[in-house]
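The values are calculated or read from the model by the stated rules, or taken from the named source; none is laboratory data. Quantities reported herein were computed from a predicted structural model and do not represent experimental measurements. Because the Cβ atoms are built from the backbone with ideal geometry, glycine has one as well, and the counts that use them run over all protein chains shown. Accessible surface areas use protein heavy atoms only, side chains included; no ligands, DNA or RNA. Shrake-Rupley method; radii C 1.70, N 1.55, O 1.52, S 1.80 Å.
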Amino acid sequence: MITKWLKRLIFLALFLVVAATATGWWLLRGSLATLDGDVALTGLSAPVQVARDANGTVTIDAANQADAMRALGYVHAQERYFEMDLMRRVSAGELSELFGPIAIEKDKAQRVHRIRARVAADLARMTAEQRVALDAYTDGANAGLAALRTRPWPYLLLGQQPKRWAPEDAALVGFAMYFDLQDASDHNELALWRIKPHLPPALYALLTRDGTRWDAPLVGAPRGDATLPTADEVDLRTLPGPPAERHAIGADDIVPGSNNFAVDGTLTADGRAIVADDMHLGLRAPNIWFRARLRYADARAPGGKVDVTGFTLPGLPAVVVGSNTHVAWAFTNGYIDSADWRIHTACGGPGVDASTCVKPASHAELIRVAGAAPVEFEVQETDWGPVLHREGDRLFALRWNAHLPGALGFGLTDMPLAGDVDQALAIADRSAVPAQNFVVGDRSGRLAWRLIGPLAQRAPGCTPALPATDAEQAGVCPPWSIATDRAPRLVDPPMHRLWSANNRTQDGEALARVGDGGYAFAARAKQIRDGLFAKTRFTERDLMAIQLDDRALLLTGWHRLLLDSAASAKTPALQALAGASKRWEGRASVESTSYRIVRAWRLAVHERVAEGLVAPAHAALGDAFEMPSFQQLEGVVWPLVTQRPAHLLSRKYASWDALLEDAAQQVRDDLQAQGPLAERTWGERNTAAICHPLAKAIPVLGQRFLCMPADRIPGDGGMPRVVGPDFGASERMVVSPGHEAEGLTHMPGGQSGHPLSPFWGAGHDDWVHGRPTPFLPGATEHTLTLSATR
């Protein structure tokens, strides 16, 4: 009897497991996008055809722009609704509503900027000319979501229901890029302000030097490396030394940004201009971008029709970068100065002057939390901006471009209408995006560069590089507005080439107007520029070769320094590193041990030099000290380690050899902890970790099914081929307007956000191995017809 019941229980358990598995599989497949057939879509004026190639790249053929945007919204939602939702929630500070208490602090950091309230106040203005297209996109997104048999699989995992899309959500997606590309906390200016009073002027000037021997501006000359101060100006031997605790510095080779560059028609066989672009962002599965080609009739476009191919951002009714057969355009992050601090005196304190103090307005924010009670959060704001810090009676308010009316708009959606460089520049005049280097070329062979996006319109004489009090800035720096049509530009460049890689591009008055928001160290830009001047004839493949350039030109001198230092000092760690890296491949190749060793040693040396230079401020500030990011530190460290002045050596070390040996010891010990030093390749360190945001929520299986393969990838940050484990080129594009069929592209992570989709990770392997793939979509493998219905 017992045996019989045991068999029944085992059978029942197996049945329940099978049933649960089948139900889970059915639910999971229920959120796959519809790829083929005929689907009714309310609001269309005529049927729309949606074709997909083997990588899931979409071609939308529609009667007009509104129909094309409605179809794009439908496709975006079917393939990427969860990712769209994350983008809007990040900028609004509403992640806790989806993920629970774990996201509360992140939401608070976002809520101080009150982006949802700002969008609500400015939505009518920012969408005035594009409202028809935006509403069509919104309706299409909601229809695409509703057409899924089950809610997208991440919501099943989280036990949540997706919220409908709204027109303001597209603006929130746009603001998410502000947070990605600019520092919403303006941390570095505040950190510099704190250390400045505690450093000799010559030492502060050395640390904040704004250029190096690697500079490659479009306008103006390289700054060159620093001229070191004399011992009379700075002598670290007589100043407080560094404490025992070491503060890491921000590496100068991995920063959010991009490469874009171009050649004009004088440098190609048939007079075509060629534009290249690779935008560097955090990498995930699926990718942030979504490839699409849109074709529709539009009387405003050349010839009365639009045919635009490029990269869209799910959540936005726009092609962000691409080519429309007349112009091709590309972006890199501008790193202009987009924020200023103002230090107010709060009213109410003892002895505070009521005539000059500030009483901020208070705004109540309610953070909804999944599985817990809502959290009330107070945000204070002055006429200058939100209060991000308070120290006693001092209020630190931040004025940031993103806070101001006009910070975001949808003018970029008109770029497919441009017929030439001049028309593209006119559209850029009314495009409000986080400030970018905009490079455009047209089918006649012309080129232009300009900054696109809002620029702070500070009063003449107002150059507040660091926080300032009301008293210090009275009458000099009133609250400023922003403008998109007053940007520096370079049209028809006499050198017939353009390039930007988040470096300083300008000089003189133009640079003074836009400011320095932390320009990237320019080794990458110089390598691109030099590649463009190495030839007088180019094809698309030549420009992609520059994108894939992983030569370690920056580290070649450091490798020589390592060998020379080991030979002269004869200390064990330096000799160990020199021996293991003697064979110098000169590239960030996956099999290179020397690259990994020299790279790590250089950064360890930078860290020790920076520690010594900021030591007096660190000693004075104690726990309040925060290490600023010194992007141009190479221009200081290199003359120091090659000239070795005793008065600028950190007090932690008896000699420069001792400093170099200490850095080598750290690198040697860290690497040997993983195995023999000679086997520690760059590929072992630079292994892809490109995953879905929820991969860590599913132990074991998440890594197996929600991540791209753990490939070892060549490239790094200090060269054109920017790749890290989860950061790097989020796309590559090389295209000539009018010759799109010869264009080339790459995209990691794939088109679809569903791990069961045939497009999950499609094309990723080509990105890993640098295999050029066609810019235009390939042969059609799936066709979906969206039928008009009232």
*Shape metrics for region 118-169, restricted to C-alpha atoms - Rg then Dmax, Å*: 13.8, 39
_Rounded to 10°, Cα long-axis angle of helix 523-533 versus longest principal axis of the chain_ = 70
*Taking +1 at the Cβ of each Lys and Arg and -1 at the Cβ of each Asp and Glu, which of LEU228, SER629, PRO720 sits farthest along the dipole of the chain towards its positive end, judged by Cα position relative to the Cα centre?*
PRO720
*Round to a whole number: what % of the accessible area of the chain belongs to carbon and sulfur, probe 1.4 Å?*
55
_Global form of region 325-474, assessed from the alpha-carbon gyration tensor, a/c cut-off 1.5_ = oblate
_Cβ-placed point charges (K, R +1; D, E -1), dipole of the chain about Cα centre in debye, nearest 20_ = 1620
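What accessible area per residue, rounded to a whole number of Å², is obtained for the chain using a probe radius of 1.4 Å?
38
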*Relative packing of 128-134, 450-456, which averages over residues the other C-beta atoms within 10 Å, highest first*: 450-456, 128-134
*Helix 131-147 axis, angle to the chain major axis (alpha carbon atoms, nearest 10°)*: 70
*In degrees between 0 and 90, to the nearest 10, how far off the longest principal axis of the chain does helix 65-92 point, with axes built from Cα atoms?*
50
*Segment THR23-THR789, length gained on full extension (0.36 nm per residue, minus Cα span)*: 272.4 nm
*Once you have a ≥ b ≥ c as the square roots of the Cα gyration tensor eigenvalues for region 94-253, tell me rounded if a/c is under 1.5, and otherwise prolate or oblate according to whether a/b is larger than b/c.*
prolate
*In nm, give the distance between the simple-model label positions of ALA510 and ASP564, each being 7 Å from the Cα along the Cα-to-Cβ direction.*
3.6
*asked:* On a full-extension model of 0.36 nm per residue, what is the gain between ALA658 and ILE698, subtracting their alpha-carbon distance, rounded to one decimal in nm?
replied: 9.7 nm
*Rg(Cα)/(2.2 N^0.38 Å) for region 651-790, N = residue count*: 1.51
*Percent of C-alpha pairs per 10 Å bin, region 527-574, short to long*: 22, 32, 19, 18, 9
_Given charges at Cβ of Lys, Arg, Asp, Glu: the chain dipole, positive-most of SER757, ALA534, ILE690_ = SER757
*Pairwise label distance in nanometres, HIS769 with THR556, each label 7 Å out on the Cα-Cβ vector*: 2.9
*Please give, to one decimal in nm, the separation of the simple spin-label points placed at ASP353 and GLU391, each 7 Å out from Cα toward the Cβ.*
2.1
_With n ≥ 4 as the cut-off for DSSP H runs, can you work out [θ] at 222 nm for the chain, using -39500 (n - 2.57) per run divided by the number of residues, rounded to the nearest 500?_
-10500 deg cm²/dmol
*Determine, for each peptide in 25-33, 599-607, 65-73, 670-678, the mean count of other beta carbons within 10 angstrom over its residues, then list the peptides with the highest first.*
65-73, 599-607, 25-33, 670-678
*Could you tell me which of rounded, prolate or oblate describes region 417-553, using a ≥ b ≥ c as the square roots of the eigenvalues of the alpha-carbon gyration tensor, with rounded for a/c under 1.5 and, failing that, prolate when a/b is larger than b/c and oblate otherwise?*
oblate
_Relative contact order, percent, the chain [alpha-carbon distance under 8 Å, six or more residues apart]_ = 22
*Projected-area mean, region 9-159, by convex hull of Cα positions, square nanometres*: 12.9
*Count, lysine Cα pairs under 22 Å in the chain, 8 or more residues apart or across chains*: 8
*For region 159-289, how big is Rg over Rh, using alpha carbon atoms and the Kirkwood form of Rh?*
1.10
_Could you work out the relative contact order of region 45-177? I mean the mean sequence separation of Cα pairs under 8 Å and 6+ apart, divided by the number of residues, in percent._
33
_Largest first and in whole Å, what are the equivalent-ellipsoid semi-axes of region 238-357 based on the Cα gyration tensor, each being the root of 5 times an eigenvalue?_
47, 25, 17
